[in-house]
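Please read the structure below before turning to the comments.
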6 protein chains.
Amino acid sequence: MRVNRLKQLQLEKRVAVNAWISMGNGYLAEVLGHCNFDAVTVDLQHGPYGFDQAVHLLQAISATEAVPLARCAGSTLAEINKLLDAGAYGIICPLIDDVDQAAVFAASCRYPPRGARSYGPARGLLYGGSDYLARADDQIMSLAMIETSNALDNVERMLDVEELDGIYVGPSDLGIALGLGPDAWSDPRMKAAVTHILEVAHARGKYAGIFCGAPDMGEDCVRIGYDLVTPGNDVQLLRAGAAARVDGVRRAAAGHSS
Amino acid sequence: MRVNRLKQLQLEKRVAVNAWISMGNGYLAEVLGHCNFDAVTVDLQHGPYGFDQAVHLLQAISATEAVPLARCAGSTLAEINKLLDAGAYGIICPLIDDVDQAAVFAASCRYPPRGARSYGPARGLLYGGSDYLARADDQIMSLAMIETSNALDNVERMLDVEELDGIYVGPSDLGIALGLGPDAWSDPRMKAAVTHILEVAHARGKYAGIFCGAPDMGEDCVRIGYDLVTPGNDVQLLRAGAAARVDGVRRAAAGHSS
Amino acid sequence: MRVNRLKQLQLEKRVAVNAWISMGNGYLAEVLGHCNFDAVTVDLQHGPYGFDQAVHLLQAISATEAVPLARCAGSTLAEINKLLDAGAYGIICPLIDDVDQAAVFAASCRYPPRGARSYGPARGLLYGGSDYLARADDQIMSLAMIETSNALDNVERMLDVEELDGIYVGPSDLGIALGLGPDAWSDPRMKAAVTHILEVAHARGKYAGIFCGAPDMGEDCVRIGYDLVTPGNDVQLLRAGAAARVDGVRRAAAGHSS
Amino acid sequence: MRVNRLKQLQLEKRVAVNAWISMGNGYLAEVLGHCNFDAVTVDLQHGPYGFDQAVHLLQAISATEAVPLARCAGSTLAEINKLLDAGAYGIICPLIDDVDQAAVFAASCRYPPRGARSYGPARGLLYGGSDYLARADDQIMSLAMIETSNALDNVERMLDVEELDGIYVGPSDLGIALGLGPDAWSDPRMKAAVTHILEVAHARGKYAGIFCGAPDMGEDCVRIGYDLVTPGNDVQLLRAGAAARVDGVRRAAAGHSS
Amino acid sequence: MRVNRLKQLQLEKRVAVNAWISMGNGYLAEVLGHCNFDAVTVDLQHGPYGFDQAVHLLQAISATEAVPLARCAGSTLAEINKLLDAGAYGIICPLIDDVDQAAVFAASCRYPPRGARSYGPARGLLYGGSDYLARADDQIMSLAMIETSNALDNVERMLDVEELDGIYVGPSDLGIALGLGPDAWSDPRMKAAVTHILEVAHARGKYAGIFCGAPDMGEDCVRIGYDLVTPGNDVQLLRAGAAARVDGVRRAAAGHSS
Amino acid sequence: MRVNRLKQLQLEKRVAVNAWISMGNGYLAEVLGHCNFDAVTVDLQHGPYGFDQAVHLLQAISATEAVPLARCAGSTLAEINKLLDAGAYGIICPLIDDVDQAAVFAASCRYPPRGARSYGPARGLLYGGSDYLARADDQIMSLAMIETSNALDNVERMLDVEELDGIYVGPSDLGIALGLGPDAWSDPRMKAAVTHILEVAHARGKYAGIFCGAPDMGEDCVRIGYDLVTPGNDVQLLRAGAAARVDGVRRAAAGHSS
């Protein structure tokens, strides 16, 4: 089976940089896969697209070196299995709040006897290889999102769930849950929580990823020690690129007309 | 009929800034329409999508303040009419080389007796308004691309075609035609050609737009006096945004691990 | 944030007229948005289309004055959040049967601390505006469908749920539940139930909408005092329009051949 | 091969009633196919959709009794062959102006030696049957649109083209060409032209169809003797159906509030 | 209502042969519907496509003689109702483990008072006919998948659920559950389990179907007495067809070059 | 730039085996790309899908080792450039009849000064690599279809066109042109023509491919010396695979019931 490069980077203690797709277009997915990212995540929770589009995205990412990940819309066996069968090499699951939810989610990513996944790996077999069934449980990553007060309270026990590979922090919801609003990276309470979650994960040898929409947050989280950082989603990247170019032209226009 | 804001800006001698869609996704089109552009162009020539996707893009742009434009794949009445019927307020036509081609293209954007357009403006009527037939010929803009040696030789006569509203320069193909390659903005011969085309257009009261992929080229063309500039396409903007964020994180990672 | 015009109409005690999309096509959505409706509802329960199509519909409605609503396929946080993030300004949720279901549904439409919605409003931000997070809870409407015997029994307590904005009656299922069949508008028991539900809602200051497939039912429900009526879905409207024209032509043909 | 029912109706001197799809949705196509039409036309000229969508429409129509027709965007062998291969049983071609264009168009609908069609009938074989190649030339109908001044001048010679099956009148463009505007049915000059075209066609045993957007125009054209009438497109039918229901409700609302 | 031919075959004690769609394309669905299958199943569990695509498939199957079935991704009322409304004549539901799950699933396929289905049968009405509501409960088939250890333990009680029409065996998951791996048809324990399930079903007059990916397994299961067999999915059929032709050519090439 | 493996095979005098996609689904494309084919062709001429779907297919093929080819619907610069920009590494163009058509087609596949291709290689750059412009003219293959009487007469002069890389024989149309019908492989006149075309091509060092729908025709053409053979399209492969399995089951059923 094709090796999950995120696992290799983890072993080598090298950070993974992850892209995030909100705009559901296959060519965009392929472009991002050529932008020096280690992974590209298909976001079915907040990205305004559905499963038919997600398959195109996973196929497009497969034509690049980046590892295809997916954030499911919710924790259901049906959706998670469809994404894995479509070739995702890891699932980020939103709103996991307690140990039961963590266990159910983790089981959705494993075949029996370790989990509840149903067999029929369609594209997974093409992308992964013919020994998919034997090795998928060890290559596929399950990352539970920590983004509510309950999750913060339960994070230790959640990370004790053996089949759960790690966590992924959702700072916007977490900031709202802490009463700090969605853009709270500069607040020390936010940083404390984010650091605490990482320590809990690493103490158990688990993987830790985080979404870093705010400027410099990606750099900060690398220094804190996160295994994977997502420096903003595609819309943020596009807007930043557009603003730089449009502002330049508008300034030239202002100077020209004055 | 809804007024074509590009025509207003032209009257006010204000430059228009145009976005360019290569990644065919409706949400992306809507995001760009909220990025301080005056127009957004659906590119059916080099953009890897077809007409079904183009309609979604035009609908998405219609939900913003930006003027919806389209570059057709080629100069055929069938395709141009479909794009206008789908709500485009201007057509940029590639590879127009001589006065006959310019006349045929311009006629494709006008109803009889001024042109050859067939009646049935579907979305055009919804977006433009109930007096579409009476006013479309004056609101819809036809811009012929000047991007070959022949076009450069014929540009004066082409711009004498009454129903042609203006030109749009394609610097990559023009640079290749001049033997300078696709990235020739720094070459004085390129700037001379681009300046000459503008002078020919403005001498006849015609509109002049240009694609500006190279850094600072948008600013340069504003100063030269172009009416509309396109500061790179969506892929360039996305890549620039991605590079800035990824590079920052990778530098932090290099510092962290060292 | 863009104001929800349905809330304004409610304040002005003016009825809202709502269109209903079963045929998942963006141009159709835009056409209906120009047909003098106050709102247009994307129906993911019985409409034969999925989420990818629903996004196109919401974008198309956004290019018109009509308020974009959605009926979800079922009461799950994942689906409801996706629809709100995609720009829906109200959710009609089928088969809400008791106070617990009503509370869970209503919470799906509100951000913490009032509810359980996860932050990431994608198109919602574009359509609504930059203050979306602060104001969405007050602009987005949650309407629970009353269409079963249980719901009828529990309607008072359901409408006591503070975060629930109102109800929407599904007369076909309600008629079947009452043993009257799906087309029972002429039956006094049906009218009594529909009137009772409205009184319960209005007694609590809550919003009341209803689907009115039967002829004259829309008019009747306006007189009863419903805040929003849906005079049939798009298929019914298309069929009525087709029948009128086809019958005319067939009659002429019969006369001509005789 | 499945028989083309329009040919049967022609033999029986019975008028065919045709639906017209501008809103590219498969369920809509299937709904129209159950609305007592004899044929349903997929419109690629003014309908805002492309070929990928057209295939869905042709498949949906195939699940009904209606004959699947298509209007191509223009007269190219490539597009017409794709539509026939996708199962269309007749092609309506816009803007045929003279005998050469008529001959080229007609040849696009026939296999050698009668025409230029390339072999590979994909869905045509499924829908038509295994003897498709032997019988398609006699079942597939080619109808040239008469909608310009030139076409009006040349209609006799055009209809002398042996392989051309008939004509289809486009009254909007024809009205514009005659200087009467797109809604000129009430003008006697329009009726004279439409009657003349029919006489030319029937004198040569050719088929004659016409688009009848105006009220009562379908009935008029049946009486004149047209073989096929299209009583408006789907948008007109939907709008008429919507207006009837919305107006009723709005009147009730006005009465209720007064 | 159009009769469910699978029920007729059952009465006549004739086996039904079923096709299985993993590759979500409408033309493929139509091709399979012309390949001498009695039914064609749209697979939303392991097939890498979503609901928007499933509707096209169901429409395409409707243009053939084959009975349209669907395997849902999971047992939710929302998804099952959407598939039935879209015209499926039977639902195969994965991972039904006990009598409660069997009862909930069966109820999802029936209207009240026999079940919980909501009324609004869209395409079902077009495909089935105008008496759909009265007769659907008797024509639509609900088949619970037996594919886990729990299901094997509970199969008798599950088949006692009155509204459940039968079962469908998933041998890959069942083999894994039995510790035999996904390709265990040659193992006597597998055959014993498959025979036992059939006997339990037939003892109660219930329907029994099975997926037969392995060579000869379809023939074996016909002899055992299964009512419906699926001799591999579309990918297996395509691969077998490709291997035969490619191997022939490669052998010829090897001979030619030697 | 990624090397075109078909050119390598040609140098090594090894035959290439090519798959052919009529059923426009990305997963199917990926499955075929894993079936031991050297190339996979996207067929826009007879395949019932359009450009939007073609892009998905090319992306899916890119995730495999197979070389992505495309057959355009017709010889227009616009369509051919779109396919090349979308990543096709070769174009098969139907119905090329004489030297002028051959020259125009070949020029569509080359950048100036060798041809007329416009610069903007979108996906081509991602799939091919950053030196695409410098090397594409030598990697991209242009193959003119020989399938009419005229083409047969002109094949020598056509193959003298320097920029044309070779030919591809369409035996169905060629058989019809020769008066032998579409399935004429067993006729010696057909074999003579096919052999003659190959000799003309190889005499000029040009590439020769052929579609081989008939059984054993692929093997025959390998022995004759063709560089590339297409042993049937995907529909033929699927049908063959289905027939084998269905027939087996039906025979078992016949034996069982007798």
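Every number in this text was worked out from the coordinates using simple rules, so none of it is lab data. Computed from a predicted model, the values in this text were never measured in an experiment. With ideal geometry, Cβ positions are generated from the backbone for all residues, glycine too; neighbour counts draw on all protein chains shown.
The magnitude of the dipole of segment D:5-257, with charges of +1 and -1 set on the Cβ of Lys/Arg and Asp/Glu and taken from the Cα centre, is near 580 debye. What sits nearest the axis between copies C and F, counting only chain C Cβ atoms, is the residue and whole-Å distance C:52, 7. Please list, in order, the residues from segment F:22-58 whose amide nitrogen is less than 11 Å from a point placed 7 Å along the Cα→Cβ vector of residue F:5. The answer is F:33-40. Here the simple spin-label model places points 7 Å from the Cα toward Cβ, and for residue F:224 and residue F:243 these points are separated by 2.2 nm. Considering only C:235, C:104, C:67, the mean-square fluctuation computed in a Gaussian network model of chain C, springs between alpha carbons under 10 angstrom, is largest for C:235. Relative protection proxy for A:241-247, A:144-150, from highest mean packing down: A:144-150, A:241-247 (other beta-carbon atoms within 10 angstrom).
Apply the Kirkwood formula to segment D:69-186: the hydrodynamic radius equals the inverse of the mean of 1/r over all pairs of different alpha-carbon atoms; give it in Å with one decimal. Intermediate values should be presented prior to the final figure.
Details: mean 1/r = 0.0687 Å⁻¹.
In segment D:69-186 this quantity evaluates to 14.6 Å.
Across the options A:124, A:240, A:111, the greatest Cα extent toward the positive end of the charge dipole of chain A (unit charges at beta carbon of Lys, Arg, Asp, Glu) belongs to A:240. Report the residues of segment B:91-109 in range of a label on residue B:157: point 7 Å along Cα→C-beta, backbone N strictly under 20 Å from it. So the set is B:94-108.
Couplings 3J(HN,Hα) for segment F:144-158, derived from phi with the Karplus relation 6.51 cos²θ - 1.76 cosθ + 1.60 (θ = phi - 60°), are 8, 7, 9, 8, 9, 4, 4, 4, 4, 5, 9, 4, 4, 5, 4 Hz, where x marks Gly and Pro. For the segment E:53-66, counting C-beta atoms of other chains within 10 Å of every residue's C-beta and taking the mean gives 5. Globularity index of segment C:1-128 is 1.01 (Cα radius of gyration / 2.2 N^0.38 Å, N = number of residues).
State whether the protein assembly as shown is rounded, prolate or oblate according to the following rule on the C-alpha gyration tensor (a ≥ b ≥ c being the square roots of its eigenvalues): a/c under 1.5 gives rounded; otherwise a/b larger than b/c gives prolate, and the remaining case gives oblate. Numbers along the way, then the final one.
Values: a/c = 1.15, a/b = 1.15, b/c = 1.00.
In terms of gyration-tensor shape, rounded.
Along segment A:64-71 the Karplus relation, 6.51 cos²θ - 1.76 cosθ + 1.60 evaluated at θ = phi - 60°, assigns HN-Hα couplings of 10, 7, 6, 7, x, 10, 9, 9 Hz to successive residues, with x for each Gly and Pro. What Kirkwood Rh does segment E:134-256 have if only Cα atoms enter the pairwise 1/r average? Answer in Å. This gives a value of 16.0 Å.
Taking springs between alpha-carbon atoms closer than 10 angstrom, which of A:116, A:208, A:29 fluctuates most in the Gaussian network model of chain A? So, out of A:116, A:208, A:29, the one fluctuating most is A:116. The charge dipole of the protein assembly as shown, taken about its Cα centre with unit charges on the Cβ of Lys, Arg, Asp and Glu (plus for the first two, minus for the last two), comes to roughly 0 debye. Under 5 Å from the amide H of residue F:141 lie the amide H atoms of F:90, F:91, each residue being 5 or more positions distant or on a separate chain, with H modelled from the backbone and absent for Pro and chain starts.
Summing charges over all other residues whose Cβ lies under 10 Å from the Cβ of residue B:51, with Lys and Arg as +1 and Asp and Glu as -1, gives -3. The HN-Hα couplings worked out from phi for segment D:5-17 by the Karplus form 6.51 cos²θ - 1.76 cosθ + 1.60 (θ = phi - 60°) are 4, 5, 5, 5, 4, 4, 4, 7, 6, 10, 6, 9, 10 Hz, whole numbers, x standing for Gly and Pro.
In whole percent, what relative contact order does segment E:1-41 give with Cα contacts below 8 Å and a gap of six or more residues?
On the way: 31 pairs, mean separation 18.4, N = 41.
Across segment E:1-41, relative contact order equals 45 percent.
Partner shielding of E:227-240 amounts to 6, given as the average count of beta-carbon atoms from other chains within 10 Å of each residue beta-carbon.
Going by how many other beta carbons lie within 10 Å of each one, how would you line up C:224, E:197, fewest first? Walk me through the intermediate numbers first.
Numbers: C:224 16, E:197 23.
In order of increasing Cβ crowding within 10 Å: C:224, E:197.
Shielding value for D:173-179 is 3, the average number of Cβ atoms from other chains within 10 Å of each residue's Cβ.
Of the residues B:127, B:89, B:27, the one that moves most in a GNM of chain B with alpha-carbon contacts below 10 Å is B:27. At the listed q of 0.17 Å⁻¹, the Debye profile of chain B, built from one uniform point per Cα, gives log10 I(q)/I(0) equal to -1.33.
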